[in-house]
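Working notes, beginning with the structure itself.
The values are calculated or read from the model by the stated rules, or taken from the named source; none is laboratory data. Because the structure is a prediction, the values reported are computed rather than measured. So basically every Cβ, Gly included, is an ideal-geometry build from the backbone, and we count neighbours across all protein chains shown.
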Ligand code: SF4
């Protein structure tokens, strides 16, 4: 595995596992170990200060909002001249004051997981709780306050296919209501077999694509015709414009070692000894560990 010192970093984006704590207990979680201590903020800032070029720093978790100093971390990353995003389950973003504090800290891009759109029954099955109201509020708060928003929806075969249309419709309605300038992105994927995952509910990509077409009443030709030139790492995938939003589908095909997106030069991950490794490769090798 290619592991780099911060000064040598070539990854476009670096995923930062700020904490292994989480306020949810989803059925599908690539990072289910809650026993690892939080990342040290000073060591994190030291690593970021040594990066050779402007880099996309993606704050993830488990659930990054569990950290009280998240605002300070966002400010620090911005002050060093890097781009920053937050990936979150959104429970805390259901409170408008929290979203405003994120904005004040300098955050503009949020990736919000919404596996059930606004359907509590789906959240109960996939995420072990009735989270529809909080997630819905989080999405509304973010778009109302002009964040750039990507939502992430995991599709479990035979469970929540209907979420595809519901999530797209929801995003389109809000994009129109809040007159968003940068189209929000609805990311849809099937279950990845990393960490804790529901067995027997993963789609292969061609079947998955067909399902998305059926749900949205579109064709694969339509996806092709509306495809943008955005790169989807080493994964097969589509990013296409649909009504007033973008839709992003990726194939979670794994290699012989069980690693999705193998060999990607785009996403790195901070290792426990403060270096940078390929994201999924490192996650897989340390499954249930760091
Ligand atoms: S998938 Fe995300 S929100 Fe769900 S338990 Fe894992 S870290 Fe928490």
Which residue pairs have Cβ atoms closer than 6 Å, lie 6 or more positions apart in sequence or on different chains, and pair a first residue in region 23-47 that is over 15 Å from residue 59 (Cβ atoms) with a second residue that is surrounded by fewer than 12 Cβ atoms within 10 Å (Cβ to Cβ) and modelled with pLDDT under 95?
33/288
Scan (1) part of a helix (DSSP H, G or I); (2) surrounded by 22 or more Cβ atoms within 10 Å (Cβ to Cβ) for the single condition residue 165 breaks and write down its number.
(2)
Mind checking whether some residue in region 198-216 is at pLDDT below 90 and assigned to a loop (DSSP other than H, G, I, E, B)?
no
Members of region 192-201 found to be within 14 Å of the ligand (Cβ to nearest atom) and more than 15 Å from residue 287 (Cβ to Cβ), listed by number:
198
Could you tell me whether residue 5 is free of Cβ contacts under 8 Å to residues at least 12 places away in the same chain and farther than 27 Å from residue 153 by Cα?
no
Checking residue 156 against (1) surrounded by fewer than 22 Cβ atoms within 10 Å (Cβ to Cβ); (2) over 22 Å from residue 228 (Cα atoms); (3) in contact (Cβ under 8 Å) with a residue 40 or more places away in the chain, which single condition isn't satisfied?
(1)
Failed item, numbered, when residue 149 is tested on (1) within 16 Å of the ligand (Cβ to nearest atom); (2) buried (at least 17 other Cβ atoms within 10 Å of the Cβ):
(1)
Looking at 51, 107, 59, which one is in contact with a helix residue (DSSP H, G or I) (Cβ under 8 Å, 6 or more places away or on another chain), more than 30 Å from residue 156 (Cα to Cα) and surrounded by 21 or more Cβ atoms within 10 Å (Cβ to Cβ)?
107
I'm trying to understand the selection: among the residues of region 116-149, which are in contact (Cβ under 8 Å) with a residue 60 or more places away in the chain and touching a strand residue (DSSP E or B) at 6+ places or on another chain (Cβ under 8 Å)?
126
Using the structure shown, decide if residue 104 is free of Cβ contacts under 8 Å to residues at least 24 places away in the same chain, over 19 Å from the mean Cα position of the chain (by Cα) and away from the ligand (no atom under 16 Å from the Cβ).
no
Does region 161-179 include one or more residues that are under 19 Å from the mean Cα position of the chain (by Cα) and within 16 Å of the ligand (Cβ to nearest atom)?
yes
